[in-house]
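The next block holds one structure in the form of structure tokens; read it before the comments.
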Amino acid sequence: MRRFAPKSDFGPKPIISSANITMDSRYHEEITRWALEAHFVPQVLVEVVRANLGQDALRYQLGRHPHFHFDNNRISEGNAYVESQHAEILELAKEDGGGSRQRRALGRLLHAVQDFYAHANYVDLWLARYERPDGSYPPPDAIDPLHPALITHPDLITGTFVFWRDIIYYVPLLGALARRIWVHPTSHEAMNLDSPRQGWRFDYAYAAARTRTLHEWRRAANAVRQAGGQDAIAALTGIGRERP
Ligand SMILES: [Zn+2]
């Protein structure tokens with residue numbers, strides 16, 4: 001499992017690591033592989049996974065490039081970013097430039113949509129809508145990641161990371177203490193469903209991210225097929241390239 005831990009045990013370790021501030025890289029990788037494994041040769045699937053995980057490099061964290069992760073309420077910017085990556089995939093298919101650049105764009109947009117369910121209150125809105133009279137909920141796999149009334153819901157927000165306010169949560173020891181004292185209710189710290197440590201609602205964020213990943217892949221594949229036929233799909237996925 002890939003982690004953004006320091007590569008060597010020698011030298012100073014970073015005080016904070018990006019693995020603390022976003023959906024854990026293992027889940028991004030698991031979900032991406034689950035959705036794409038049957039459609040890509042392994043040698044090129046790695047490029048999609050790498051581009052996905054690369055979005056969590058520390059330089060893209062801490063309030064910088066929030067739309068990469070649907071942070072800080074940048075929902076429309078996040079959606080525009082996803083569209084821009086789809087457009088790039090399509091343009092490259094038309095220009096016969098399929099391959100690595102397309103796979104990197106796919107990895108980047110999948111990262112964003114996977115983060116959306118971990119960083120927004122979408123799961124809470126869905127649970128509130130489908131809560132049963134006895135207080136139970138449908139199982140995680142029942143979640144529709146693109147419910148028309150929820151994806152445009154006026155109360156839809158994503159967690160905010162304010163550097164001066166929130167950096168303390170990522171400092172060892174001090175972070176645990178600060179968390180016990182006060183956490184702003186709309187902060188990333190309070191809202192995130194980045195890992196099972198956040199409780200049972202993580203399963204819903206995970207299930208929504210899986211279904212959404214499949215949806216975005218099918219959308220990209222259809223666009224590429226329409227633009228460039230089977231050759232363009234082969235250039236993107238590596239499958240069928242060796243056939244005469
Ligand atoms: Zn992220």
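Each reported figure results from applying straightforward, stated rules to the coordinates on display, with no laboratory input. Given the structure is predicted, the values throughout are model-derived calculations rather than measurements. We place every Cβ from the backbone using ideal geometry, glycine too, and count neighbours over all the protein chains shown.
Using amide H atoms built in the peptide plane, which far-off residues or other-chain residues are under 5 Å from SER187 H to H? For SER187, whose amide H was placed from the backbone, the distant partners under 5 Å are THR160. Directionally averaged projected area (region 38-166, Cα convex hull): 10.3 nm². The distance from the alpha carbon centre of region 171-239 to that of region 105-126 is 4 Å, rounded to a whole number. Restricting the calculation to Cα atoms, every distinct pair contributes to the Kirkwood radius of the chain, found to be 18.9 Å. At q = 0.10, 0.15, 0.21 Å⁻¹ the log10 of I(q)/I(0) for region 110-244 amounts to -0.48, -0.83, -1.19, computed by Debye summation with a single uniform scatterer per C-alpha, solvent ignored. Looking at PRO133, ALA80, HIS39, which one has the Cα that reaches farthest to the positive end of the dipole of the chain (charges on Cβ: Lys, Arg +1; Asp, Glu -1)? Projecting each Cα onto the dipole axis, the largest value belongs to HIS39. Each Cα pair under 8 Å and six or more residues apart adds its separation to the average, and for region 125-244 the resulting relative contact order is 22 percent. When the charge dipole of region 93-209 is built from unit charges on Cβ atoms (+1 for Lys and Arg, -1 for Asp and Glu) and taken about the Cα centre, the candidate among ALA142, HIS111, THR186 whose Cα reaches farthest toward its positive end is HIS111.
Peptide packing: for 132-140, 197-205, the average count of neighbouring Cβ atoms within 10 Å per residue gives the ranking 197-205, 132-140, highest mean first. Histogrammed with a bin width of 10 Å, the alpha carbon distances of region 171-242 distribute as 17, 27, 19, 18, 14, 6, 0 percent, first bin at zero. Cβ-Cβ distance of LYS94 and GLU131, R₀ of 45 Å, FRET efficiency by 1/(1 + (r/R0)^6): the value works out to about 0.45. In sequence order, region 78-85 has phi-based couplings of x, 5, 5, 5, 4, 4, 5, 6 Hz under the Karplus curve 6.51 cos²θ - 1.76 cosθ + 1.60, θ = phi - 60°, and Gly or Pro positions carry x. Contact order for the chain, expressed relative to its length and based on alpha carbon pairs under 8 Å spaced 6+ residues apart, stands at 27 percent.
Here the chain is treated with +1 on each Lys and Arg Cβ and -1 on each Asp and Glu Cβ, and its dipole about the Cα centre works out to around 520 debye.
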